[in-house]
Amino acid sequence: MNIQILHSWLLEYLDTNASPAKIGEYLSLCGPSVEKIEKKGNDWLYDIEVTTNRVDMMSVYGIAREAAVILPQFGAKATLKPFHSIKSQFPKTSLPLTIKSNDKLVKRTMGVILTDIKNWKTPDWMKTRLEASGIRSLNAVIDITNYVMTEVGHPTHVFDYDLIKSHTLLIRESKKQEKVITLDNKVYTLPIGSIVIDDGTGTIIDLPGIMGTKNTVVNDDTKQVLFFIDNNDPIKIRKTSMTTGIRTVAATLNEKGVDAELARIAMLRGIELFQEVTGATLASKIYDHYSKPYTAKTITLSKSFIDERLGVEVSKNRVEQILTDLDFGVKWNKDNFTVSVPSIRAQDVAIAEDVVEEVARIYGYHNLPSELMTGKIPEPLSDAPFPFEIHTKRILQGLSGVETYTMSLVSGKEVDPKSALKIRNPLGSDNEYMRTSLAPSLMKAAKENNGEKDPFHLFEMANVYLPKKKDLPEEKMMLAGIFANTGFRHAKGIVESLLDQLHIEYVFEIEDAMYYVPNTRLKILSSKKEIGRFGQLENGGFYYYQFGIEDLRKIYKQMPTYVQIPKYPAQVEDITLKLHERIKVGDIIKTIYTNSSLVSSVELTDMYENAYTFRISYQDLEKTLTDKEVEEVRTKILGELKKKFGVTIK
Amino acid sequence: MREDIQTIKNEALAQIMEVTDPSELETLRIAYLGRNGKLNEVMRGIKDLEPEERREMGQTMNEVKGAIEQELIYRKESLKNNTTSTFDATVPGIKPQIGHLHLVTQAIEEITDVFKQIGFTRVRYPEVEWDWYAFGALNMEEGHPARDDWETFFMDTPTHKENGEMVLTPHTSSGQTREMKRLQTPPVRMINIAKCYRRQIDSRHLTMFHQFEGLVVDKGISIVHLKGTLDYFARNFFGPNRKTRIRPYHFQFTEPSFEVDITCGYCLGKGCKLCKEGWVELGGAGMVHPIVLKNGGIDPTKYSGFAFGWGVERTFTMKSELSIPDIRMTYSSDLRFLRQF
């Protein structure tokens, strides 16, 4: 959360000689992060990020308090100015007010009645400061509540006193289906158990800590006001605010737990402003219900704990100085000490590590040395998948593949909704399911490039998510690729080259399946186990392949087995065969290979109509084959081919 | 003798290639192939050899003669055409089609390499994760305002009794307690790189992105060690001139928590238009919260640690100063984009 405050406002509570730029720099190093400093006329505007645990800094006074400790660490002069002590005339008899509090819901309530409001116009200085902080100015009465909140850090509220006929505030939890009309004229149904203020008759007259209601809001006819401060249970405030979507500044502060001690300062500051700005007079005493005032929490730790976490030794004096500057109490017992936490920091300081943080940040993280740790190095993962994954990607890169990353979240059209994980709160119907295949994503990716006329090959390695009963899904790492503007043989050749380079033995088996052009889909098997598939997709006509990465990793070899280089030359010859239509080239090649151990390689070098030219190499590792020996093998092969497939020789 | 012949051959070929005037070729022809040429001179020794060797030597001699003659002819032709002076070397080369690894892959490799050198083990934990690992174990109970920072996707699946709802992990921090449990006893030096998801999308945020999470747990781990690790990464990943600094921040799962800045790549810390007074934000870090250690099964009174988790895409674009205007382009499959890297 961010807070914007003018430099001039900060100086009301901070006495310093540091420039706005320096204040910004020093605060960012040791405290809240000053994101921007902007010149505003003769003034400067700070835009400060305050982390959610430090709601105590969400005010002018809160920033001044931090600055007063941090700035002197850099040699700048800075002291915190106290709140003005006001001299108020409380009346002898108070206008009546009954507060029926509930300690489970609110920690503290404070109220005071003011009458005789003379001026409703907000003075310029107040308007300028509020608007710089991003708060719209309405009228003096409302603006005072926002001014006090921004300055002190505790949200405040104002009722039209006369609209609370019963003069009673009953704090209770909302019942089922209770409705309120907020001051901005919107109707909300409250979640059950919200904190509400009832006037004792069953009518809700406020949504405390979040927003006022229409039935008691100050208006043009208001004569007397009840200035009211409530310190509520943050968890309840958050639940109501999140459920109804009423995200006021007050709600975002209250849900983080505002210090109830601040209520008194806010009350006094409010009274001062009402008197000064509106000319109102007090019509009651301060009604204060605070059943369990803050008692300081304590944390005990050793100085060596601080030294160990910081990595340097900090003197006892320095530790004590830093903590007392921050309003912590310190009591030593030899090397141990007990820290008492001031109410303002009770929200975020609870354990020894929190104390370490306070000492370390004021000491200055920038003043700590920078060194690598020594000590033992853990055993690396024994069977890490990562080297194989990058190895495979590099092979594909070498085969002119272009790697892409596509979204894991897909539409219901890209999965079988019955067997895919669904997202309960998707951003849109395009990203509603966890994908179970990379194919639809890659098809989309290929189509995205339909302006491309040259061949291309896109590939991706990513998880698919296969649901399991009552457990996290299986996240299966897949490799898939898609080819466009190319032919079957070129695409298939790349898949073959990939497997060759991984030194995986494989065979193809034709097996038609949905989404593929008939007769083009191949199962890829290794040791009779399916490891992948390849084929032409009906949709778009792209060639597509996919493998389970773990299937490949289990059987790949980083290095092939060395094969003796033949000492004797091979005999190479081209044979052209005429094949009937139904004959598969793969079967011919397989038959040639399996017919003689002397055949060392068979390549298809040419295809023309039904004529196929094969280049056959004959090789004997022990000797040079004679023409006669080659002829014997050839005759045997051709005989077999004729018998099995009825081929003729051209 | 065979060696002599080879030497003569090499010498002849070298000389022929040097020739620029065609008349010199004739001189060389006589010097090597003529009746009293160098080859014939060597041939005179042939009669002293065994018949078998003699035949073999004769064959070699013929091959060499052929090669020299061939070269003489070729050189003569090329001098005649004078191709050397009209050859146009400005003609573009024909490039093979080359492949490309994605930016994110390149980034992950580089990041892994840097941390590997200081003993970090790369791991990868689930993307679809239990609420417990993503939030609960990290000291963020349900309804905690700190959860607002992580806009999370929830799965439409039944809630698990102990582990809570199934979510898409919004950060790699969910790997922290998983890694502690895997190793059981420190030392832990993890670098967890995985896909993460957040329910947001604009020109600076992606629904799907990658994070890398460093986690170190051991005896006596201090802020000094975190600073050392951050500086080591900055020097080795971004360049030797770069420095880091840490500033106070807040995360539920670290105490203290830090925001990490690095000196700006353009001005190197002097301050310029592209940075904040010389610094740019890198990401979050902190000392592991004792509750997180406890949830990971590690005794926080004996051990301490630090952690950091940053976006891969952001860190890499910062390094390379790619200035990609819209981070959503990272996940486009447009070849005109992919082929640039």
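The values are calculated or read from the model by the stated rules, or taken from the named source; none is laboratory data. Given the structure is predicted, the values throughout are model-derived calculations rather than measurements. Glycine also receives a Cβ, built like all others from the backbone with ideal geometry; neighbour counts cover every protein chain displayed.
Observations on the structure shown:
- Within the range B:226-243, the set of residues being in contact with a strand residue (DSSP E or B) (Cβ under 6 Å, 6 or more places away or on another chain) and assigned to a helix (DSSP H, G or I) comprises B:Leu226, B:Leu230, B:Asp231, B:Ala234.
A quick yes/no check of all residues on (1) under 18 Å from A:Val355 (Cβ atoms); (2) within 13 Å of chain A (Cβ to nearest Cβ); (3) part of a strand (DSSP E or B):
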| site | (1), (2), (3) |
| --- | --- |
| B:Arg245 | no, yes, yes |
| B:Asp261 | no, yes, yes |
| B:Cys267 | no, no, no |
| B:Lys270 | no, no, no |
| B:Lys294 | no, yes, no |
| B:Asp299 | no, no, no |
| B:Lys302 | no, yes, no |
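- Flag if A:Leu399 is facing another protein chain (nearest Cβ under 7 Å), farther than 20 Å from A:Glu550 by Cα, surrounded by fewer than 21 Cβ atoms within 10 Å (Cβ to Cβ) and not polar (S, T, N, Q): yes
- Test: residue in the range A:313-324 that is modelled with pLDDT of 95 or more and at the interface with another protein chain (Cβ under 10 Å from one of its Cβ atoms): no
- Enumeration of residues in the range A:24-40 that are within 13 Å of chain B (Cβ to nearest Cβ) and touching a helix residue (DSSP H, G or I) at 6+ places or on another chain (Cβ under 8 Å): A:Tyr26, A:Leu27, A:Leu29, A:Cys30, A:Gly31, A:Pro32, A:Ser33, A:Val34, A:Ile37
- Residue match in the range B:310-330 (condition: touching a residue at least 60 places away in the same chain (Cβ under 8 Å), surrounded by 20 or more Cβ atoms within 10 Å (Cβ to Cβ) and in a strand (DSSP E or B)): yes
- Candidate set: the range B:219-238, residues that are more than 7 Å from chain A (Cβ to nearest Cβ) and surrounded by 18 or more Cβ atoms within 10 Å (Cβ to Cβ); chosen: the one farthest from B:Pro290 (Cα to Cα): B:Phe238
- Considering A:Glu358, A:Glu353, the condition of being more than 7 Å from chain B (Cβ to nearest Cβ), under 20 Å from B:Ala146 (Cβ atoms) and not in a loop (DSSP other than H, G, I, E, B) is satisfied by A:Glu358 alone.
- Residues satisfying the stated conditions in the range B:111-155, i.e. more than 9 Å from every other protein chain (Cβ to nearest Cβ) and of a type in the set (Asp, Glu): B:Asp113, B:Asp131, B:Glu141, B:Glu142, B:Glu151
- Elements of type strands (runs of 3 or more DSSP E) in the range A:409-515, at least 2 residues being buried (at least 17 other Cβ atoms within 10 Å of the Cβ) and touching a strand residue (DSSP E or B) at 6+ places or on another chain (Cβ under 8 Å): A:456-468, A:471-484
- Answer residue from the range B:179-218, given it is facing chain A (nearest Cβ under 7 Å) and assigned to a loop (DSSP other than H, G, I, E, B) and is surrounded by the fewest Cβ atoms within 10 Å (Cβ to Cβ) among those: B:Ile201
- Where B:Val280 falls short, out of the listed (1) surrounded by fewer than 20 Cβ atoms within 10 Å (Cβ to Cβ); (2) assigned to a strand (DSSP E or B); (3) over 27 Å from the mean Cα position of the chain (by Cα); (4) not acidic (Asp, Glu): (3)
- Restricting the search to helices (runs of 4 or more DSSP H) fully inside the range B:1-118 and requiring at least 1 residues that are aromatic (Phe, Trp, Tyr) gives B:22-33, B:51-81, B:103-116.
- None of A:Ile171, A:Ile181, A:Ile205 is in a strand (DSSP E or B) and in contact with an Asp or Glu (Cβ under 7 Å, 6 or more places away or on another chain) except A:Ile205.
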